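The values are calculated or read from the model by the stated rules, or taken from the named source; none is laboratory data. Values in this document were obtained by computation on a predicted structure and should not be read as measured data. No Cβ is skipped: glycine too gets one built from the backbone with ideal geometry, and neighbour counts run over all protein chains shown. Just so you know, the surface numbers come from the protein's heavy atoms only, side chains and all, with ligands and any DNA or RNA stripped out. Shrake-Rupley method; radii C 1.70, N 1.55, O 1.52, S 1.80 Å.
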Amino acid sequence: MKGTNNRSTAIENTSWYALFSNGNGIKAVTLALGVMLHATNVYLATTVMPSIIKEIGGLEYYAWNTTLFVVASVIGSVISANRISKLGPRKSYQLAILVFSVGTLVCSLASSMPILLLGRFIQGLGGGLLFALSYAMIRIVFSENLWPRAMALISGMWGIAAFSGPFIGGIFAEQNEWRWAFGVLLIICLVILIISSLILPNTKSAKEIPSIPFLKLLMLVLASFSVSAGSIFENSSVNIAGVVLALFFLYMVKIRENKNSEVRLLPSGSYSLSSSLGKVYAVMSLLTIATSIEIFVPYFAQVLNGFSPIQSGYLTVLIAIGWTLSSILFSGVKADFSNKLILSGCTLMLIGLAGLTIISFPMDITSTSTKLVLTCIFLFAIGMGIGAGWPHLLTKVFSLAPKGEEELTSTSVTTVQLIATAFGAALAGLVSNVGGITNPGGFEGTQNASLVLYGTFSLAPLLAMIIIVFRNKK
């Protein structure tokens, strides 16, 4: 009986009820709202981007809107440890929301692509800070037994955002009023600002305030821009040069990290596949890169299938729905089964991407309706695949935190995810342009671009599977 009672208590302490009891609930919701704002903006921008291109042009810079946003998010994520230590949870959260609001206002008033890109960069800076703070505060606000549930809840906000983002963006885009879609985000910002000001603690960290690694951030930005800049040229040599230059800047970041151990972007062991933490980060990065195909899904749907903005926007929802459902369903799986679950998720992602590649081939025997159904199934499979293991990958990162680097490790979760997203977006733009999305463009160029994009990105989950199998053998 005593053993049974102990097991029951353990289950209760890790349940959803425990997360929402004893005052934890309002704190969990507050952190989740910050991620929801960031995620809603991601899906909203993806949905309205084809309409923006029609009005102000700049198709060759299509992926730049995501790349700049995510690169800035990386900066925001990296400085989050400094901000939360110096300002405390409440003021750092307020700062993030205010910066995000300024960027959103610039986007809503943009009359040209350069101005829009500026707004997206400012948005990303605030969004990345907000995103990282939400994850980092899990360690501060909740006990360790509630980490998986809290992370699943916050990750689940991408599912809610996947509905709200395309809906808000699609409604206004179909009325040729895409600017007002960003205006709605400003209202959400105000609501979150008020709630966070009332709920979040204002206690500053007693530890030494971490410095901001400006030089390393600059090299990361240059690495992302190298890939993006190379993508706007039709010359394959320039494309390759951009990728090589990006790899050089990443290598320099690694060198700087090894030389300067006091001001780090990532905790010790992050850059080596021989370490457990390095392998987990590598898998997280590859799976995140694989999902970057979603930024082009609405454009493909509108050009190839004649979908409306709101219809094409909701195709990307399928990845988020699968991610959310899978995260919630499998977040309570025992730790000793998590590796098999992560590997199964990678396999499901590979099937989804391979399926999208196959149906992208010109085939008269496949009707438009059949392709639509298959596209939905494969996108949903990609989301289910990454969601199955994501909470457990994050938990592994937390548990592998080097001694004395626990806070850095907490914020590094978002840093790694955003860096991978930035490079995924930049590579997606490069691959799509090489595939012909701008030249020859039109239906033929877009169809070939979709084939090349899905096929190339199928390699990401495959490489993740190899790393997982190698890690288990070791």
Original post:
Among the candidates Ile386, Ile466, Ile419, which residue alone is among the hydrophobic types (A, V, I, L, M, F, W, C), open to solvent by 10 Å² or more (accessible area, probe 1.4 Å) and under 30 Å from Leu129 (Cα atoms)?
Top reply: Ile419
Original post:
What's the number of the condition Ser458 fails, among (1) over 24 Å from Gly156 (Cβ atoms); (2) at pLDDT 85 or above; (3) surrounded by fewer than 20 Cβ atoms within 10 Å (Cβ to Cβ)?
Top reply: (3)
Original post:
How many of the residues making up segment 86-118 are touching a residue at least 60 places away in the same chain (Cβ under 8 Å) and closer than 19 Å to Leu217 by Cα?
Top reply: 1
**OP:** Could you figure out which of (1) open to solvent by 20 Å² or more (accessible area, probe 1.4 Å); (2) modelled with pLDDT under 85; (3) not hydroxyl-bearing (Ser, Thr, Tyr) isn't true of Gln175?
**Re:** (2)
**OP:** Select, from Ser73, Ser92, Ser112, Ser108, the only residue that is closer than 20 Å to Thr421 by Cα and either in contact with a helix residue (DSSP H, G or I) (Cβ under 6 Å, 6 or more places away or on another chain) or open to solvent by less than 20 Å² (accessible area, probe 1.4 Å) (or both).
**Re:** Ser73
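Quick grid of which residues meet (1) at pLDDT below 80; (2) open to solvent by less than 30 Å² (accessible area, probe 1.4 Å):
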{"position": "Val191", "(1), (2)": "no, no"}
{"position": "Ser196", "(1), (2)": "no, yes"}
{"position": "Phe214", "(1), (2)": "no, no"}
{"position": "Ile232", "(1), (2)": "yes, no"}
{"position": "Ser237", "(1), (2)": "yes, no"}
{"position": "Ala246", "(1), (2)": "no, yes"}
{"position": "Asn260", "(1), (2)": "yes, no"}
{"position": "Tyr271", "(1), (2)": "no, no"}
{"position": "Ser276", "(1), (2)": "no, no"}
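Can you tell which of Phe443, Phe361, Phe398, Phe380 is in a loop (DSSP other than H, G, I, E, B) and either open to solvent by 10 Å² or more (accessible area, probe 1.4 Å) or over 21 Å from Gln311 (Cβ atoms) (or both)?
After applying the criteria, what remains is Phe361.
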Original post:
Does segment 147-161 contain at least one residue that is modelled with pLDDT of 80 or more and open to solvent by less than 10 Å² (accessible area, probe 1.4 Å)?
Top reply: yes
Original post:
Does Ser344 satisfy the condition of being hydroxyl-bearing (Ser, Thr, Tyr) and at pLDDT 85 or above?
Top reply: yes
**OP:** Please list, ordered by first then second residue, the pairs with beta carbon atoms under 6 Å, 6 or more apart or interchain, first in segment 119-147 and touching a residue at least 12 places away in the same chain (Cβ under 8 Å), second open to solvent by 40 Å² or more (accessible area, probe 1.4 Å) and among the charged types (D, E, K, R).
**Re:** Val141/Lys27
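Of the residues Asn65, Asn41, which is open to solvent by less than 10 Å² (accessible area, probe 1.4 Å), part of a helix (DSSP H, G or I), of a type outside the set (A, V, I, L, M) and touching a Lys or Arg at 6+ places or on another chain (Cβ under 7 Å)? Lay out the reasoning, then the answer.
Working: Asn41 fails: touching a Lys or Arg at 6+ places or on another chain (Cβ under 7 Å).
Selected residue: Asn65, the only one of Asn65, Asn41 that is open to solvent by less than 10 Å² (accessible area, probe 1.4 Å), part of a helix (DSSP H, G or I), of a type outside the set (A, V, I, L, M) and touching a Lys or Arg at 6+ places or on another chain (Cβ under 7 Å).
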